[in-house]
Each structure stands twice: as structure tokens, then as C-alpha cells.
1. Restricting to the stretch 267-287, name every residue that is buried (at least 17 other Cβ atoms within 10 Å of the Cβ) and not hydroxyl-bearing (Ser, Thr, Tyr).
2. Looking only at residues in the stretch 143-166 that are under 21 Å from Ile65 (Cα atoms) and among the aliphatic types (A, V, I, L, M), which one is surrounded by the fewest Cβ atoms within 10 Å (Cβ to Cβ)?
3. Inside the stretch 246-300, can you point out the residues that are of a type in the set (A, V, I, L, M) and not in a helix (DSSP H, G or I)?
4. Only one residue in Gly269, Gly231, Gly261 is touching a helix residue (DSSP H, G or I) at 6+ places or on another chain (Cβ under 7 Å) and under 21 Å from Asp18 (Cβ atoms). Which one?
5. Only residues in the stretch 16-27 that are among the acidic types (Asp, Glu) count as the first member; pair them with residues that are open to solvent by 30 Å² or more (accessible area, probe 1.4 Å), Cβ under 6 angstrom, at least 6 apart or cross-chain, and list the lot.
6. Just one of (1) modelled with pLDDT of 95 or more; (2) outside the structural domain of Val312 (by the TED database) trips up Ser208, so point out which.
7. Being outside any loop (DSSP other than H, G, I, E, B) and hydroxyl-bearing (Ser, Thr, Tyr), is that true of even one residue in the stretch 176-198?
Amino acid sequence: QGGNNAGHTVVVDGKEYDFHLFPSGIINPKAISFIGKIILEFIKITLYDSSRNHSLKDWEKRLIISDRAHIVFDFHQAVDGLQEVQRQAQEGKNIGTTKKGIGPTYSSKAARTGLRICDLLSDFDEFSSRFKNLAQQYKSMFPTLEIDIEGQLKKLKGYAEKIRPMVRDGVYFMYEALHGSPKKILVEGANAALLDIDFGTYPFVTSSNCTVGGVCTGLGVPPQHVGDVYGVVKAYTTRVGIGAFPTEQINEIGDLLQSRGHEWGVTTGRKRRCGWLDLVILKYAHMINGFTALALTKLDILDVLDEIKIGVAYKLGGKRIPYFP
């Protein structure tokens, strides 16, 4: 549902992979990987992902991109950073975004001024005109913003030809996958339920739907085709960036979880905040997603502790409440 703002560290057969945009399934040589939603200037990040993960072979033949995916431009990333500086100056705090341009791209999308892969691959003159208009809009909002329009367009034209063989009509691709010969289809979400734009700890969230609804809105999969829903949860709670965190341990326990769990963001390099497992937010995530199973990870990180604590309830105004406020 997002772009390259979420990093995934994946370990398979003792090999470690760091992904920013690649679906994790790209490791499996028998799997076809499909990106359905927002993408960064794609070649730049895929070259980065493939250079960091040398053992990936022939990934270009196993990766498909939806023609409806919106494009994150360099100026979206620059604006993301400027907005964070603005928030800090005006409110004394920022959101703690990854500055990868995801929020501004979703803003362009909602304002119906965004540009998609299908635009890039069709009439380039029309694409260039709309690109210039969008760049001009941002320059009028942020007078200090510098955009090399002609340089960007030249680069984008080159990218277009490199990704053309990978692009398909995403809706038809998923329809065929669901209705053709039997297949195992696994959908991977980026970011966690509490970072969901609608149900997360707003405004300290990402700009997309990180819940199970993203399967339908991100890939065009009808709800009746959603089968098992796996919730992935650590044996303790972590968070990158600011926002509410009732079980956070700003002490030696938090430091131990951070160091033993190697808790830093793959994309940002920032240390993750760490605390005890919060069952209130886990139940809340279950209310929204309807998990059929939970994958509990990193239990071994707690091995050295004599005592393990778990958050079981919240109080509001001195009274226990049965919901996530």
C-alpha cells in the first residue's frame, strides 16, 4: 500500500536481505512479485535494493508493476522534508516521517494531480506537461523548493523504457491470478496497523491503509477472496518515530530490547523505541483485521530477562476501558 518508506529485513537460509520496495517474495525464484500501489522513481530504488542484495538473480523477470501505481517524484521527497521542518517550527514537534515523499504523493493523488505509471508509459509530451504543472504547484507552495524539471524529465524518460517490460494492467493481472489455475497468493503489507491513516495513532501515522482493507484498495482484490489473515507481532512492542507508546521502557530494559533485537529502522537507520508487549493495541489490531492466526516473532530476545511484563489494559479517567481510545 505504500512506497519505499517501510524497510524489511528478511533472513532466509542464513542470508540477510534488506528490502525497501521489493516485495519479500522476490527471494523465491518460483514466485511472481507484484507491486500494486505507490512507487518511487522505480529504477533508482530497485537498483539500490538489488545492489544491496547481490544473491537476487533475474528479479526483473519475476517482478510486475501495476500500471495504476502512482509515482513518487524527487520533489515529493523534498517537500516531505520541508513539511517536517515547518511542523517543527510551528508546533514544536514533527510527525517523524521517513522523508521518502509518501505523504505528499498521497496528497497529489487525493487532489487528482498525481501521475501514474500508465501516464509515464503513454504520451510523454502529455506526461511532461502534467509533471511541469505539478512541480509548479509545489514551487508556489514552497518558494525555497528547487526542481530541475528538464533533468527530471530526461531521467524519467529513461526509466520508462527500463520498466516498460514489467508493467501490466494490475486489475486484470490479479483477476487472472485469482480465477486461473490454482495459485497460492500471499499479500505483504508494509507498516503496521497502528500506522494506518484511518485507524492508527493519528497524526503519527503513514499515509496509506496498513490494515487488511489495503488488500482490496491496493490490489483490486474483492473481499470474498481474502482468506487467512496473519498478524505479525513481536514479543515486545517497538515504534520508529514519535507518537503514543504507553508500554515504552525508557530505561535499561528498553536499551536491552533495542540492542538484543537489533531494533533500528531499515529505511531511516533510526533506533526503534522499545517496550513491553501491549495487548490492548494487539486486540485493537485484531478488531480491525480479524486475524485468523498470529505470527509471534523475537521471543528469544526476552530470554535473558528474569521477569517479563505485558500491558493488559488502559485506564481513562481512572477507569479501565475495553477499547483503544
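The values are calculated or read from the model by the stated rules, or taken from the named source; none is laboratory data. Bear in mind that the values here come from a model prediction, so they are computed numbers and not experimental data. Every residue, glycine as well, gets a Cβ built from its backbone with ideal geometry; the counts of neighbours run over all protein chains shown. These accessible areas exclude ligands, DNA and RNA; they are computed on the full protein's heavy atoms, side chains included. Shrake-Rupley method; radii C 1.70, N 1.55, O 1.52, S 1.80 Å.
1. Let us first name the residues in the stretch 267-287 that are buried (at least 17 other Cβ atoms within 10 Å of the Cβ), namely 267-268, 272-278, 280-282, 284-285.
Passing the criteria: Arg272, Arg273, Cys274, Gly275, Trp276, Leu277, Asp278, Val280, Ile281, Leu282, Ala285.
2. Leu153
3. From the stretch 246-300, those of a type in the set (A, V, I, L, M) are 250, 253, 256-257, 266, 277, 279-282, 285, 287-288, 293-296, 299; that's our starting set.
Within the stretch 246-300, Ile250, Val266, Leu277, Ala293, Leu294, Ala295, Leu296 qualify.
4. Numbers: Gly269 fails: touching a helix residue (DSSP H, G or I) at 6+ places or on another chain (Cβ under 7 Å); Gly231 fails: under 21 Å from Asp18 (Cβ atoms).
One residue alone meets the criteria, Gly261.
5. Close Cβ pairs (under 6 Å, with a partner that is open to solvent by 30 Å² or more (accessible area, probe 1.4 Å)) amount to Asp18/Thr9; Asp18/Arg52; Asp18/Val266.
6. (1)
7. Looking for residues that are outside any loop (DSSP other than H, G, I, E, B) and hydroxyl-bearing (Ser, Thr, Tyr), one finds none in the stretch 176-198, hence no.
Yes/no per residue for (1) assigned by the TED database to the domain that holds Leu256; (2) open to solvent by 40 Å² or more (accessible area, probe 1.4 Å); (3) of a type in the set (Gly, Ala, Ser); (4) at pLDDT below 90:
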position: Tyr175; (1), (2), (3), (4): no, yes, no, no
position: Gly180; (1), (2), (3), (4): no, yes, yes, no
position: Ile185; (1), (2), (3), (4): no, yes, no, no
position: Pro203; (1), (2), (3), (4): no, yes, no, yes
position: Val233; (1), (2), (3), (4): yes, no, no, no
position: Arg239; (1), (2), (3), (4): yes, no, no, no
